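Below you'll find the structure, written out as structure tokens, and then a few comments.
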Ligand SMILES: [Zn+2]
């Protein structure tokens, strides 16, 4: 990417030429950031504010390399603060990083990179180790995911204050969008066909990550009580989870929340936590060995053979079946 010389670039992949693109001060901070325990600012707020006052007439080229990606995205601005924190996943160092302007500074400097690092740890525990060298949160208008880089909201008020809701919304979206690097950027399902395979699995792991971030986190997706209004809709307004993405009537409730809630109930009530960890392993095997999306649902159906789960896989995902309760005695 060839950009004005005063811009800072963030991208999918690893930068190959920081020696040419960073100032000596930034370069020494980047080297120091390789072993810090708290996010370290490679570009500070004062430097970003200074850089915003003028416009460079020269240009610099930033070179990135990424392996095993199906897409890429990048960002550039002279207004960016940039911080980084090394995150160890199974002995491998990943650089968790954030890029944000002054409007997001109060929230992002405290929480963004820590939320990225937290997401890498929790998702790696519940599914498979994060395989990429970097994970990035960029402050933007709304949440959107790409391999290794995501764009998330999180601006403070003009006076620098922010509500608990704004803080939690930023953390929630950062966890969700960074989580998408696992599903569908690595487990390569087709989101245009089957929304639940990325959004549903991701929302489930997002819920678990929020609980581990703060067990008082105001989660709603994934909590059974939060989905009752949707589940009691007239039956002709409900669809199986295995509904093509373009035909889903109630997108968020069907493909995100119902899947997250169902898997959460499976984990907490029906089969228990140990067996559901195996489901994650099964999804991983299926995702890596055979990239056909329907294989993931067969992984769910295999679960039924592990333990008798009448109605869960087929009733919850393939058709729209009611809950059947029976009094034995
Ligand atoms: Zn999503």
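Rule-based calculations on the coordinates, nothing more; no lab input. Given the structure is predicted, the values throughout are model-derived calculations rather than measurements. Here the Cβ positions follow ideal geometry from the backbone for every residue, glycine too, while neighbour counts run over all protein chains shown.
Things worth noting here:
- Full extension of the chain between residue 249 and residue 231 yields a length gain of 5.2 nm, computed as 0.36 nm times the residue separation minus the alpha carbon distance.
- Here residue 56 and residue 27 are evaluated by their C-beta separation; at R0 = 22 Å the FRET efficiency comes out at 0.75.
- Axis of helix 201-213 versus longest Cα principal axis of the chain: the two differ by about 70°, to the nearest ten degrees.
- For the peptides 143-150, 232-239, residues were scored by their other Cβ atoms within 10 Å and the scores averaged per peptide; the highest-first order is 143-150, 232-239.
- Crossing angle, helix 164-179 versus the chain [Cα axis fit, 0-90 degrees, rounded to tens]: 80
- Peptide ranges 268-275, 204-211 listed from the most packed, as the mean C-beta count within 10 angstrom indicates: 204-211, 268-275
- Antiparallel %, DSSP beta bridges [both residues in the stretch 2-179], to 5: 75
- Only DSSP H runs of four or more residues enter the estimate; each adds -39500 (n - 2.57), and after division by the residues of the chain the mean residue ellipticity at 222 nm equals -10500 deg cm²/dmol.
- The chain - percent relative contact order, Cα under 8 Å, separation 6 or more: 13
- Fraction of beta bridges assigned by DSSP in the chain that are antiparallel (%, nearest 5): 75
- Spatial offset of the stretch 200-275 relative to the stretch 9-54 amounts to 39 Å, using the alpha carbon center of each.
- Rounded to the nearest 10 degrees, the inclination of helix 294-306 to the longest alpha-carbon principal axis of the chain is 50 degrees.
- Global geometry of the chain, whether rounded, prolate or oblate, following the gyration tensor of its Cα atoms and the 1.5 cut on a/c: prolate
- Spacing of the two label points (7 Å from each Cα toward its C-beta) at residue 269 and residue 192, in nm: 3.8
- Calculated FRET value between residue 327 and residue 163, using beta carbons and R₀ = 35 Å, to 0.05: 0.15
- The stretch 61-142: C-alpha gyration tensor shape, a/c 1.5 cut-off, then a/b vs b/c: oblate
- Peptides 38-50, 176-188, 129-141 ranked from most to least packed give 176-188, 129-141, 38-50, packing being the mean of other C-beta atoms within 10 angstrom over each peptide's residues.
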